[in-house]
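Chemist: Have a look at the structure that comes next, please.
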Amino acid sequence: MNASAPTTAVSLRSALAGLLDGLPPKQAAAAVERLIANYRGRTPTDAPVLRDRSDVAAYAAYRMPATFEAVRGALAGLAGAAPQWAPASHVDVGGGTGAATWAVDATWDGPRATTVLDWAEPALALGRELAGASGSAVLRSAEWRRAVISSGITLPEADLVTVSYVLGELTPEARRAVVAEAARAGQAVVLIEPGTPDGYLRIREARDQLIAAGLRVAAPCPHDGSCPIEVGQDWCHFSARVSRSSLHRQVKGGSLAYEDEKFSYVAATRFPAAPVPFRITRKPQIRKGLVLLDLCGPQEEGLSRSTVTKRHGDLYKAARDAEWGQEWPPADPAAP
């Protein structure tokens, strides 16, 4: 794991802070609102949504921190399942301005060959600029390459392939082709989508496809079996806390210094990994003298709820400090 992860996050926020210099606040907010409406549309596209530098700068300042934190959360699941592994090469599909690349850099130390593929040249140009101003040699040496993210894509082989917030922009045929190519090219594949019912369904479909291609699920699921969630009744997703910029507050209103980014993901590998025995699938509910934990466990157990009380000693203390998305039980309940 990368001990400099907090530094990477601060460096990204600092780089993004200067993006909107010279761009009138109303213009930035209008660009973000238009782009959000486009991204939330139900019509998949095979063309880039980000058209020029103003679009890219506004949207990167608004969305890149949330994407970074969501991808970092997903990568933490993979890193926890394979603690001795680190990618020596990384391909980010539809990477735009490079949020996932920054998240990989915040997760693992060491040299790494990085390639970012995207169809929008303005996004690639800004991503290259941001990376070039970073303190990371890996980010500064990354290759930024234009590519059409669609059915005919061919990816270079890599230890790690990431595809974040992209599948929802594709037609079903293109989505299946991109996942199939990621499975062929990557030793590890991490897919991230918005934490909505539709985003979860895309991840669920892709998860089945990765398993059929011979990969094993490393996170978040404790097993490779069928997802125990009944479609239409619930969906699997997690949450990452994101510091809000002034642009966030201007577009969304309110004055909170943070917001929570909901995301769904799957990480799968061709090498040995050790999934958690159980994973907390909802925010723990703390009551007087007890904690309620919603869990996903081994295939034969599926979904369950565990009640941890004071009589459980150190386990109760751990439950009070537990967070949504963590493994359960902790390796050392008595650890601070």
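Chemist: Filtering the range 184-198 down to residues that are surrounded by 22 or more Cβ atoms within 10 Å (Cβ to Cβ) and among the small types (Gly, Ala, Ser), which residue is farthest from residue 150 (Cα to Cα)?
Modeler: 188
Chemist: Of everything in the range 82-101, what is surrounded by fewer than 24 Cβ atoms within 10 Å (Cβ to Cβ) and over 16 Å from residue 141 (Cα atoms)? Give them in sequence order.
Modeler: Passing the criteria: 82, 83, 84, 85, 86.
Chemist: Still on this structure: Considering only the range 220-233, I want to know if a residue exists there that is surrounded by 15 or more Cβ atoms within 10 Å (Cβ to Cβ), modelled with pLDDT of 95 or more and more than 27 Å from residue 83 (Cβ to Cβ).
Modeler: Checked against the condition, which is being surrounded by 15 or more Cβ atoms within 10 Å (Cβ to Cβ), modelled with pLDDT of 95 or more and more than 27 Å from residue 83 (Cβ to Cβ), the range 220-233 yields at least one hit.
Chemist: Scanning the range 77-114 for residues that are under 13 Å from the mean Cα position of the chain (by Cα) and of a type in the set (Ser, Thr, Tyr), which turns out nearest to residue 129 (Cα to Cα)?
Modeler: 101
Chemist: Residues in the range 58-76 that are open to solvent by less than 10 Å² (accessible area, probe 1.4 Å) and either at pLDDT 95 or above or closer than 15 Å to residue 131 by Cβ (or both): how many?
Modeler: Looking only at that region, the number is 7.
Chemist: Could you figure out which of (1) open to solvent by 20 Å² or more (accessible area, probe 1.4 Å); (2) at pLDDT 95 or above isn't true of residue 106?
Modeler: Of the numbered conditions (1) open to solvent by 20 Å² or more (accessible area, probe 1.4 Å); (2) at pLDDT 95 or above, the odd one out for residue 106 is (1).
Chemist: With loosely packed, with under 15 Cβ neighbours inside 10 Å and modelled with pLDDT under 70 as the only criterion, which of 37, 17, 30 stands out?
Modeler: Numbers: 17 fails: modelled with pLDDT under 70; 30 fails: modelled with pLDDT under 70.
Only one candidate qualifies: 37.
Chemist: Another one. Out of the residues in the range 273-304 that are within 22 Å of the chain's Cα centre (by Cα) and of a type in the set (A, V, I, L, M), which is nearest to residue 320 (Cα to Cα)?
Modeler: If we take residues in the range 273-304 being within 22 Å of the chain's Cα centre (by Cα) and of a type in the set (A, V, I, L, M), then 280 is nearest to residue 320 (Cα to Cα).
Chemist: For the range 154-180, which residues satisfy the criterion of being part of a loop (DSSP other than H, G, I, E, B) and either farther than 22 Å from residue 87 by Cα or within 18 Å of the chain's Cα centre (by Cα) (or both)?
Modeler: Within the range 154-180, the first condition is being part of a loop (DSSP other than H, G, I, E, B), and the residues that meet it are 154-157, 165-166, 170-171.
Passing the criteria: 165, 166, 170, 171.
Chemist: Kindly indicate whether any position in the range 124-133 is open to solvent by 10 Å² or more (accessible area, probe 1.4 Å), modelled with pLDDT under 95 and not in a helix (DSSP H, G or I).
Modeler: Looking through the range 124-133, at least one residue is open to solvent by 10 Å² or more (accessible area, probe 1.4 Å), modelled with pLDDT under 95 and not in a helix (DSSP H, G or I).
Chemist: Residue by residue through the range 187-232, note down the ones that are hydrophobic (A, V, I, L, M, F, W, C) and outside any strand (DSSP E or B).
Modeler: If the condition is that a residue be hydrophobic (A, V, I, L, M, F, W, C) and outside any strand (DSSP E or B), then 201, 203, 206, 210, 211, 212, 213, 215, 221, 227, 229 are the ones that fit.
Chemist: Oh, and also: Could you list, in sequence order, the residues of the range 241-274 that are modelled with pLDDT of 95 or more and buried (at least 20 other Cβ atoms within 10 Å of the Cβ)?
Modeler: 263, 264, 265, 266, 267, 268, 269, 273, listed by residue number.
The values are calculated or read from the model by the stated rules, or taken from the named source; none is laboratory data. On a predicted model such as this, the values are computed, not experimentally measured, just so you know. Because the Cβ atoms are built from the backbone with ideal geometry, glycine has one as well, and the counts that use them run over all protein chains shown. Remember, those area values only see protein heavy atoms, side chains included, never the ligands or the DNA or RNA. Shrake-Rupley method; radii C 1.70, N 1.55, O 1.52, S 1.80 Å.
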